[in-house]
Number of protein chains: 2
Amino acid sequence: MERPEIPLPQLHAFVVLAEELHFGHAAARLGIAQPPLSQQIRRLEDKVGHALFSREPGRVTLTPAGRELLPAARQALTDLADGLAAARAVGSGRVGRLKIGFAASLALTVLPRLLRTFRQRFPGVHLDIHEMTTAPQIAALHNNTIDIGLLREPPTDETELGFKTVLSEPFVVVLPTTHPLAAQRTVQLVQLADSPFVLLPRVVGPQLHDQITGLCTAAGFTPQVAQHAVEWQTVCALVEAGLGVSLAPASIRRIRLKGVAFRRIEPSTARTRVAVAWRKNDHNPLVTHLLATVSQDPPERPSTGPAWS
Amino acid sequence: MERPEIPLPQLHAFVVLAEELHFGHAAARLGIAQPPLSQQIRRLEDKVGHALFSREPGRVTLTPAGRELLPAARQALTDLADGLAAARAVGSGRVGRLKIGFAASLALTVLPRLLRTFRQRFPGVHLDIHEMTTAPQIAALHNNTIDIGLLREPPTDETELGFKTVLSEPFVVVLPTTHPLAAQRTVQLVQLADSPFVLLPRVVGPQLHDQITGLCTAAGFTPQVAQHAVEWQTVCALVEAGLGVSLAPASIRRIRLKGVAFRRIEPSTARTRVAVAWRKNDHNPLVTHLLATVSQDPPERPSTGPAWS
DNA sequence: GCGCTCCATACGCCTAGAGATATCAGGTCA
DNA sequence: TGACCTGATATCTCTAGGCGTATGGAGCGC
């Protein structure tokens, strides 16, 4: 790439003159007097080394060299103007692309809400969403694969990442409606000691998995895992099929499946937290916008009320 | 088209820095010290209104806005450089396009010679050649449809056009070999008084036509035109078929057709001139080049020698 | 802590470029 | 011929831009 030889104003003058083919009019369009325009063109022609316009009395025309230069000049100017506008749009966060990782369990609750309001406020922003569990999200944030994470149980030892809790929710027990405990409004955890469990494999979310098994341990038993499933949808389906019961974040109540009941558990102290994560040193305005959206969009009412029927 | 806001050197610096992602190295590549580069980038960022690079200790990276601007900047710079080079090439006459009109009767003599040597000297120049008679050539020169004319009998009342004689040649008589006169080396014009003539229609070249009939008139007879044909090839073919005889510029001897003989005429004073024509106010270097080629390329030996057999 | 790297800042200099006004010169047309 | 249009020239002013040197300051490795 060579160093540029030609000032842009000269090219601009050239293009305008090429359109007007009249020094006076072109100067007027450029908002300058006519002599300066003559000079601009002259300087440009000097640099090019050849005449670009042929001035015959009564009419100004492009020379072959001028005809050759015109499209390139025009192109360069519009490229630049467009690129500048695009860069400004991106810089201001009006348009752009944001890469978001999210935990599968949020696909029914936090995520759609967030996407909806964000898209509404920034229709020019393209959102790339990738379903991924917590640990990969942390890694992806570090290597810039994603810009925003939506995850459960944020780690506490990350100095370069920021976390903000979006939702803190209790656990519910997932039962087939035929299960004797489904008749109660509230289930004592220990009552599940003898039921087989359907859980997500530990690898897809160690923190959550450990928290669930920890709850059981605290209640005095070790859950008997009869079956694993990688999606909450599937877990619910398996519960409905009678393969066992499950413990899950309250927000999965959104999965309405005939034959499946959700019941509050006792003790209800244990909660699982959903957080947004971002790189603290990321100055991408879209990240700021998204965090602002999260803050302004009030978190869903914690599911303590009788939201299920 | 807006007035350009951004000096090109800043864009150049931007592109180089975007490639190097290192102020020191980029500055070195630009051949300047590092602080000026910092300033360039800073000024550019000020104008854009957003940071284009994120400077974290140890590494410089493009921001989304910078990534957006980069291709446009690069494109504009290369467009410009290319356009400039192209304009210079055209301006210098190394490449380009030249529109040439030529009289049909030259297709076998002057034209191919000229094209060959010109192409050899200016391989980058595209030649558009159009067969057209004298009057249309004059008109086409005036309205810029062609840049160069190759015609017979240039008019003398054209002030805006320049003419240069390329070739001055005598007339020959075209005879079927079976014709009694074909036995002679030279034919007295008046001997053709009783033969039917095959000629080009007057409209395709009034000057030449009038000159031919004028020759006959001067010899004391009016030629009996038995047949018209618009191409010399055809004229010869018709002569060969015995439809008549013809008078033609000597250069059509190039048409070798069995059964057709060409003979010098007496008196041999009458000559037809072939000229190049151009607009005097045309500063297209290609025109100059072509005229120079014509001058340097010596005109064909006038056909007075025993060049036919 | 020391030195090194790397980028930013401060300051000064200089020039090219862009602008204005005034004037000239060639053509056209009434 | 003279008014008028159009573009070129001459001259002056001003400033943004580009570059240099000197210096500051944050990280990082030893």
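The values are calculated or read from the model by the stated rules, or taken from the named source; none is laboratory data. These numbers were taken from a predicted model, which means no experiment stands behind them. When we count neighbours, we look across all protein chains shown, and the Cβ atoms used for this are built from the backbone with ideal geometry, even at glycine.
Values computed for the structure shown
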| quantity | calculated |
| --- | --- |
| Of all residues in the range B:18-28 being surrounded by 14 or more Cβ atoms within 10 Å (Cβ to Cβ) and within 12 Å of DNA strand D (Cβ to nearest atom), the one that is farthest from B:GLU45 (Cα to Cα) | B:ALA28 |
| Qualifying positions in the range B:40-51 - in contact with a Phe, Trp or Tyr (Cβ under 7 Å, 6 or more places away or on another chain) and within 10 Å of DNA strand C (Cβ to nearest atom) | B:ILE41 |
| Single unsatisfied condition, B:PRO285 versus (1) at pLDDT 85 or above; (2) over 29 Å from B:ASP157 (Cα atoms) | (2) |
| Unmet criterion (only one of (1) within 16 Å of DNA strand D (Cβ to nearest atom); (2) free of Cβ contacts under 8 Å to residues at least 40 places away in the same chain) for B:LYS47 | (2) |
| Residue within the range A:88-103 that is facing another protein chain (nearest Cβ under 8 Å), more than 28 Å from A:LEU257 (Cβ to Cβ) and within 13 Å of the chain's Cα centre (by Cα) present | yes |
| Considering residues of the range B:98-111 that are modelled with pLDDT of 90 or more and not aliphatic (A, V, I, L, M) only, the residue surrounded by the fewest Cβ atoms within 10 Å (Cβ to Cβ) | B:LYS99 |
| Residue in the range A:159-169 that is of a type in the set (Asp, Glu) and over 18 Å from the mean Cα position of the chain (by Cα) present | yes |
| In the range B:54-68, the residues that are surrounded by fewer than 21 Cβ atoms within 10 Å (Cβ to Cβ) and either more than 7 Å from every other protein chain (Cβ to nearest Cβ) or of a type in the set (Gly, Ala, Ser) (or both) | B:SER54, B:ARG55, B:PRO57, B:GLY58, B:ARG59, B:VAL60, B:THR61, B:LEU62, B:ARG67 |
| Helices (runs of 4 or more DSSP H) wholly inside the range B:64-151 that include at least 3 residues being charged (D, E, K, R) | B:64-92, B:110-121 |
| Selection count, the range A:69-88, where residues are surrounded by fewer than 24 Cβ atoms within 10 Å (Cβ to Cβ) and either in contact (Cβ under 8 Å) with a residue 24 or more places away in the chain or charged (D, E, K, R) (or both) | 6 |
| Among the residues listed as A:LEU37, A:LEU80, the single one being within 16 Å of DNA strand C (Cβ to nearest atom) and within 43 Å of the chain's Cα centre (by Cα) | A:LEU80 |
| Count - residues of the range A:269-288 that are within 11 Å of another protein chain (Cβ to nearest Cβ), in contact (Cβ under 8 Å) with a residue 40 or more places away in the chain and part of a loop (DSSP other than H, G, I, E, B) | 3 |
| Qualifying residue in the range A:32-50 (condition: at the interface with chain B (Cβ under 7 Å from one of its Cβ atoms) and outside any helix (DSSP H, G or I)) | yes |
| A:PRO57 vs. criteria closer than 18 Å to B:HIS283 by Cα and away from DNA strand D (no atom under 13 Å from the Cβ) | no |
| Answer residue from the range A:1-17, given it is of a type outside the set (Asp, Glu) and more than 41 Å from the chain's Cα centre (by Cα) and is nearest to DNA strand D (Cβ to nearest atom) among those | A:LEU17 |
| Breaking point among (1) within 11 Å of the chain's Cα centre (by Cα); (2) within 14 Å of another protein chain (Cβ to nearest Cβ), for A:LEU111 | (2) |
| Close pairs (7 angstrom Cβ cut-off, 6 or more residues apart or separate chains): of a type in the set (Ser, Thr, Tyr) in the range A:202-225, part of a loop (DSSP other than H, G, I, E, B) and modelled with pLDDT of 90 or more anywhere | A:THR213/A:PRO223 |
| Output for the range A:29-44, where each listed residue is within 7 Å of DNA strand D (Cβ to nearest atom) and more than 30 Å from B:LEU30 (Cβ to Cβ) | A:GLN34, A:PRO35, A:SER38 |
| Number of positions in the range A:17-31 that are under 17 Å from B:PRO4 (Cβ atoms) and either more than 11 Å from DNA strand C (Cβ to nearest atom) or in a loop (DSSP other than H, G, I, E, B) (or both) | 6 |
| Total residues in the range B:120-141, condition surrounded by fewer than 16 Cβ atoms within 10 Å (Cβ to Cβ), more than 12 Å from B:ALA103 (Cα to Cα) and touching a residue at least 40 places away in the same chain (Cβ under 8 Å) | 1 |
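Results for (1) in the same structural domain as A:ARG264 (by TED's automatic domain parsing); (2) in contact with a Cys (Cβ under 8 Å, 6 or more places away or on another chain); (3) closer than 21 Å to A:GLY214 by Cα; (4) among the hydroxyl-bearing types (Ser, Thr, Tyr), shown as yes or no for each residue.
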site: A:ILE138; (1), (2), (3), (4): no, no, no, no
site: A:GLY149; (1), (2), (3), (4): no, no, no, no
site: A:ARG152; (1), (2), (3), (4): no, no, yes, no
site: A:LEU199; (1), (2), (3), (4): yes, no, yes, no
